[in-house]
Amino acid sequence: MSKRNQAYDEQNDASNNSSLQARKAASEPVASLRGRALRLLARRDWSRDALRAKLLSSTADHDEGSEASAEVDELLDDFTSRGWLSDARYAQELVRSRQNRNGKTAIAQRLKRAGVSEADAAAALSAIAPDQEYQTALTLWRRKFREPPADEKEKARQVRFLQARGFGRSE
């Protein structure tokens, strides 16, 4: 092969590679966004709002009306329609994992912060029976304190301990 033909082939290879890289880079943000979302969902359930915030934090352009925001919303709509993303399932999982160490109030606040609708949160919280919540509070109290309070100061400390974990004063 002559030097001229070799130079021509190298030039064509370089231009083909650069155009291939440009096409790949143009399609990469969408694929990587979808891939990132799938990787996150493969690990655990997410609320829609939390997953949206996580995905937008990884993009450079995450204004509310931006193109990235529209892409993320479209992707999340697709995942919801396929059943891969569900606020109701997230709420049920959170209640199941937290019911043995938190009261309904703390769990409800966490669901609200995650952006779960009140209807989904109420449905998930209905799985906790009042006597189960009482038993959880009693178990936590026994593990932490082991004996009744000696004075009002100690009683107030024990009540604050339970209230900080989402148990009401009557429990």
Residue check for Ala53: of a type in the set (Gly, Ala, Ser), under 25 Å from Ala137 (Cα atoms) and surrounded by fewer than 19 Cβ atoms within 10 Å (Cβ to Cβ): no
Against the definition (modelled with pLDDT of 90 or more, over 30 Å from Thr136 (Cβ atoms) and either open to solvent by 70 Å² or more (accessible area, probe 1.4 Å) or out of contact with any Asp or Glu (no Cβ under 7 Å at 6 or more places or on another chain) (or both)), how does Arg36 come out, yes or no? yes
What are the pairs with Cβ atoms under 6 angstrom where one residue, in the stretch 73-86, is touching a residue at least 40 places away in the same chain (Cβ under 8 Å) and open to solvent by less than 70 Å² (accessible area, probe 1.4 Å) and the other, located anywhere, is in a loop (DSSP other than H, G, I, E, B) and aliphatic (A, V, I, L, M)? Sequence gap at least six, or different chains. Phe79/Leu85
Of (1) surrounded by fewer than 12 Cβ atoms within 10 Å (Cβ to Cβ); (2) more than 18 Å from the chain's Cα centre (by Cα), Glu118 fails just (2)
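Ala70 - would you say it is surrounded by fewer than 14 Cβ atoms within 10 Å (Cβ to Cβ), among the small types (Gly, Ala, Ser), modelled with pLDDT under 95 and assigned to a helix (DSSP H, G or I)?
Details: surrounded by fewer than 14 Cβ atoms within 10 Å (Cβ to Cβ): yes; among the small types (Gly, Ala, Ser): yes; modelled with pLDDT under 95: yes; assigned to a helix (DSSP H, G or I): yes.
Taking the combined requirement at face value, the residue satisfies it.
Listed residues Val116, Val95; which is β-branched (Val, Ile, Thr) and touching an Asp or Glu at 6+ places or on another chain (Cβ under 6 Å)?
Numbers: Val95 fails: touching an Asp or Glu at 6+ places or on another chain (Cβ under 6 Å).
Being β-branched (Val, Ile, Thr) and touching an Asp or Glu at 6+ places or on another chain (Cβ under 6 Å) holds for just one of Val116, Val95, which is Val116.
The values are calculated or read from the model by the stated rules, or taken from the named source; none is laboratory data. Computed from a predicted model, the values in this text were never measured in an experiment. In this analysis, Cβ positions are derived from the backbone assuming ideal geometry, glycine residues included, and neighbour counts consider all displayed protein chains. Quick note on the areas: whole protein, heavy atoms, side chains included, nothing else; ligands and nucleic acids left out. Shrake-Rupley method; radii C 1.70, N 1.55, O 1.52, S 1.80 Å.
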